[in-house]
Amino acid sequence: MAVPAAGPARRIGQHPRRLNSPSPGAATGRPFITIRRPTMRTRQSTRRGALRKLAAGLGLLLPLAIAAPAMAADNYPSKPIRLVVGYPPGGSNDIAARIIAPELGQALGASVVVENRAGANGVIGADHVAKSEADGYTLLLSSISPIVLAPQTMKTPPFYAPKAFKAVNMMALTPEAIAVGPKLSGVKSLKDLLDRAKTQQITLSSSGTGGLPHLTIELLRKVQPNIVHVPYKGAGPAVTDTLGAHVDGIVMDLPPLYSLIKEKRLTPLAVTSEKRVDFLSDVPTAQEVLPGFNVENWVGIFAPAGTPDAVVAKLDAALRKAVAESKVKTLLADAAMAPAVLDSPQAFQKRLADDYVRWGKVIKDAGVELSN
């Protein structure tokens, strides 16, 4: 009886698959492939290698990311720029935009096109710019009302101006004018008006609720509560009723009243600027009677938040150059605006934030009804 050949000896505890048996490939003649699972050390090494490659890639991209804004500024502007106005053609903001656009374009070496996006007291146009790409090609020309006053009279403001916009710079200032019509022909000064209000009710018209003329009247009411605000829907009706002696006087941005004052159809009592304006130098400031009474409506240019600083710097330099042109100064004066720029975009940004707080308090104290 044949005895089977004994297999290779196995030590106790040795796994059968680890016997020193011939490779299966040796018997079949086919190549034998061994699959090994990666060890923990191998996986960690692979992960470290991948991270090193990723870091190296990011290191290559980082200088490009840092350089991108500078490259954009170097090429800016390379196409036309839109200057958005939140009012229809013909208003003071539109007039200011059309005065500055050609000279600004010449200073930048690109065309600047005025675009009117009217509605909601200028807020619609402002909101459009706030939500535009921050590349310097969509700008806003605005006075204080569309971005500081009107949003704070809304239950749900579409933007918070100090964070939604990057200031370029101011280009002009215009005060409010306090004037009387034929109904108060005997009143010749702001002091006369306040004295008259001690014994009788004085009605002052404005272009509407929540605007700078209205808030100026509210400041006057703090001095003399017998002053009553009579709001109209626009400057035209307010002027008409003042000239028609339906109300005693009017408070309005100076531009709509300028020609009527020059024609002596309205009697100016005061302007609310810090200093007398050159083109009405015989009209005193309100501060000469009421120290600290300073209300100025600025006009300036803004870019969307996030616009590169280098682009804003180019715009600021171009705006300064444009405002310094004698032609621009003459046209602004003819429109009852005083040319004015601040030291830097940062100074105008601070002015925006400060005015937002100041007028927000006046709006709240006056109990201005909030709109939707």
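Every number here is computed from the coordinates shown, using simple stated rules; none is lab data. Given the structure is predicted, the values throughout are model-derived calculations rather than measurements. Cβ: placed from backbone, ideal geometry, glycine included. Neighbour counts: every protein chain shown.
Data for the structure
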item	result
Estimated FRET transfer efficiency (Lys364, Asn226; beta-carbon r; R0 25 Å; 0.05)	0.65
Centroid-to-centroid separation of segment 222-267 and segment 122-153 [C-alpha atoms, Å]	28 Å
Area projected by the alpha carbon convex hull of segment 158-287, averaged over all directions, nm²	9.0 nm²
Förster radius 45 Å - calculated FRET efficiency between Asp334 and Ala310, Cβ distance, rounded to 0.05	0.85
Amide proton proximity set for Ala270, modelled H, under 5 Å, gap of 5+	Ile178
Segment 251-295: GluC sites (Glu not before Pro) in DSSP coil with no more than 16 other Cβ atoms inside 10 Å	Glu263, Glu274
Added length on full extension, which subtracts the Cα-Cα distance from 0.36 nm per residue, Asp343 to Lys191	51.2 nm
Cα-derived Rg to Rh of segment 171-237, Kirkwood definition	0.97
Among the listed pairs Lys321/Lys364; Lys264/Lys364; Lys166/Lys188; Lys233/Lys264, those beyond 31 Å (Cα-Cα)	Lys321/Lys364; Lys264/Lys364; Lys166/Lys188
Long-range amide H partners of Glu325 with built H, under 5 Å	none
Partner aspartates and glutamates for Lys361 [C-alpha distance under 20 Å; skip if fewer than 8 residues away on the same chain]	Glu176, Glu218, Glu296, Glu369
